[in-house]
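Report on the following structure.
The values are calculated or read from the model by the stated rules, or taken from the named source; none is laboratory data. Bear in mind the structure is a predicted one, so any value in this text is a computation, not a measurement. Cβ placement follows ideal geometry from the backbone for every residue including glycine, while neighbour counts extend to all protein chains displayed. The protein model used for the area step is the full one, side chains on, heavy atoms only, and it has no ligands, DNA or RNA in it. Shrake-Rupley method; radii C 1.70, N 1.55, O 1.52, S 1.80 Å.
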Amino acid sequence: MRDPRIQKLAENLVGYSVNVQPGENVLVEMIGSERDLLKAVIDEVGKRGGRPFVQITDKSVQRTMLMNAGEEMLKTWADIDLNRMKQMDCYIGIRAGENVNDLADVPDEKVKLFNSLYNHPVHSGQRVNHTKWVVLRYPNPSMAQLANMSTEAFEDFYFDVCNLDYAKMDKAQDPLAELMRKTDKVRIVGPGTDLSFSIKGIGAEKCAGEKNIPDGEVYSAPVRDSVNGTISYNTSTVYNGISFENIKFTFKDGKIVEATSNDTERLNNILDSDEGARYIGEFAIGFNPYILHPMKDILFDEKIAGSIHFTPGQAYEVTDNGNRSSIHWDIVLIQREDYGGGEIYFDDVLIRKDGIFVIPELQGLNPENLK
């Protein structure tokens with residue numbers, strides 16, 4: 001008998017997140033060895049009259065391919081998968097890899113080529129902008145280890161997070177999205193952080209289970225040249241299999257002019273991938289009530305209650321500030337009191353303090369009102 005929690009998750013992914021309609025082509029990509037959710041999703045797509053197509057990816061095999069890949073191979077690889085993606089109406093990406101560091105020893109230049117020649121056209125371009133899509137992780141011992149939890153406890157946590165009432169969360173996000181659409185000046189303050197920028201005219205988008213599972217954020221982007229000041233992130237982050245800690249950026253007129261971390265040289269090498277990599281493509285506020293601590297998995301970490309993420313690289317077309325890059329690197333700052341606290345101001349009005357929304361219209365997003 002199938003675990004009812006898996007069945008509910010599959011129903012939510014197919015029926016709510018991408019809302020499969022009869023006759024639609026649905027690409028289901030599984031990274032890893034998990035099969036129960038994959039089969040449940042295929043069944044749900046079929047029940048709704050959709051046409052499921054499956055890709056199974058092994059990260060260790062992908063590593064070997066990248067080690068042997070040249071520019072022409074990557075272009076051909078991208079052409080093949082881009083042609084398939086153009087025929088898809090929906091995409092469901094399930095990530096269940098067993099080692100977050102599988103790509104850690106792939107040379108930086110090959111990773112840059114893969115991002116620019118493959119990921120950028122296939123995913124950042126076609127999939128993100130021209131399909132109904134959702135991406136999620138699936139629990140395994142590796143994820144439990146990163147979260148410092150037993151596998152069984154992590155599974156319970158995972159299904160609490162992923163199967164919460166996203167329709168309720170969606171309605172609670174309306175006031176924040178509307179306020180962000182009307183806001184000009186944003187200021188972020190906290191330990192080692194004093195950052196100012198404008199989001200005037202950029203817009204804002206809600207995230208309540210339609211693009212990511214788990215979910216719980218509203219995002220915008222800064223006016224490209226408006227960012228000034230310093231941000232000190234207080235979570236670890238993994239980029240292409242490499243862990244970074246204590247990242248600190250200093251901005252002048254939108255550009256990262258100084259960047260430091262536990263691996264400053266490699267950090268700056270990533271930021272030098274292209275011109276847009278030193279500019280910000282996304283500003284987002286996170287508030288999932290069940291996600292409290294980082295676990296080096298960005299689909300979870302960027303939704304942490306009381307957090308923001310401030311993202312070097314590519315902007316989304318729906319909140320477009322014109323920045324273009326082969327990278328999109330979500331890095332998280334937690335502002336709850338147990339992580340040092342902090343404030344967010346919109347047009348000089350305090351809207352969140354120490355991770356708690358303080359103005360009445362936004363208090364529906366505080367943890368006690370979302371659980």
Taking the dipole of the range 258-371 about the Cα centre (Lys, Arg +1; Asp, Glu -1; charges at Cβ), the one of Val318, Asn269, Ala259 that reaches farthest to the positive side is Val318
Burial-style ranking of 182-188, 38-44, average other-beta-carbon count within 10 Å with highest first, yields 38-44, 182-188
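With +1 on each Lys and Arg Cβ and -1 on each Asp and Glu Cβ, and nothing else charged, work out how big the dipole of the chain is about its Cα centre, in Debye to the nearest 20. Mind showing how you got there, number by number?
Details: 41 positive and 57 negative charges, 135 e Å.
Rounded to the nearest 20 debye, it is 640 debye.
With a probe of 1.4 Å, find how much accessible area the chain has per residue, and write the answer as a whole number in Å². Write out the running numbers ahead of the final one.
Values: 15320 Å² over 371 residues.
Value returned for the chain: 41 Å² of accessible area per residue.
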In the chain, helical segments from DSSP H whose Cα atoms cover 15 Å or more along their own axis and that average at least -0.5 on the Kyte-Doolittle scale are 36-47, 151-162
Quick calc, Ser150 & Asp174: beta-carbon distance into FRET formula, R0 25 Å, rounding 0.05, result 0.10
Heavy-atom accessible area of the chain with neighbours in place, 1.4 angstrom probe: carbon+sulfur share in percent works out to 48 percent
If one builds a Gaussian network model of the chain from Cα atoms under 10 Å apart, the most fluctuating residue listed among Asn323, Asn288, Asn101 is Asn101
Averaged over all viewing directions, the convex hull of the alpha carbons in the range 1-154 casts a projected area in nm² of 9.6 nm²
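Taking R0 as 35 Å, what's the FRET efficiency between Met73 and Arg324 from their Cβ-Cβ distance, rounded to 0.05?
Numbers: r = 24 Å, r/R0 = 0.69.
For R0 = 35 Å, the calculated efficiency reads 0.90.
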In debye to the nearest 20, the charge dipole size for the range 105-176, taken about the Cα centre with +1 at each Lys and Arg Cβ and -1 at each Asp and Glu Cβ, equals 420 debye
Shape call for the range 180-232, from the Cα gyration tensor axes a ≥ b ≥ c (a/c under 1.5 means rounded, otherwise prolate when a/b beats b/c, else oblate), comes out oblate
Computed from every Cα-Cα pair in the chain, P(r) in 10 Å bins starting at 0 and rounded to whole percents is 5, 24, 35, 27, 9, 0
Output ordering of 159-170, 52-63 (per-residue mean of other Cβ within 10 Å, highest first) is 159-170, 52-63
Per residue, the convex hull enclosing the alpha carbons of the range 251-318 has a volume in Å³ of 118 Å³
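Sort 236-243, 312-319 for me by packing, meaning the mean count of neighbouring Cβ atoms within 10 Å per residue, highest on top. Mind dumping the intermediate values first?
On the way: 236-243: 18.0, 312-319: 20.6.
Highest to lowest by the protection proxy: 312-319, 236-243.
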Looking only at lysines whose Cα falls under 24 Å of Lys86's and that sit 8 or more positions away or on another chain, we get Lys39, Lys47, Lys59, Lys75, Lys112, Lys132, Lys211
Rh (Kirkwood, all Cα-Cα pairs) for the range 223-371, Å, reads 15.8 Å
Farthest towards the positive end of the dipole of the chain, among Asn163, His309, Val18 and with Cβ unit charges of +1 on Lys and Arg and -1 on Asp and Glu, lies the Cα of Val18
Of the convex hull drawn through the C-alpha atoms of the range 88-154, the volume per residue in Å³ is 98 Å³
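Which value, in debye to the nearest 20, gives the size of the charge dipole of the range 1-107 about its Cα centre, when Lys and Arg are +1 and Asp and Glu are -1 at the Cβ?
Details: 14 positive and 17 negative charges, 81 e Å.
Roughly 380 debye for the range 1-107.
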Listed residues Ala208, Ala147, Ala177; largest mean-square fluctuation, Gaussian network over the chain with Cα springs below 10 Å, found at Ala147
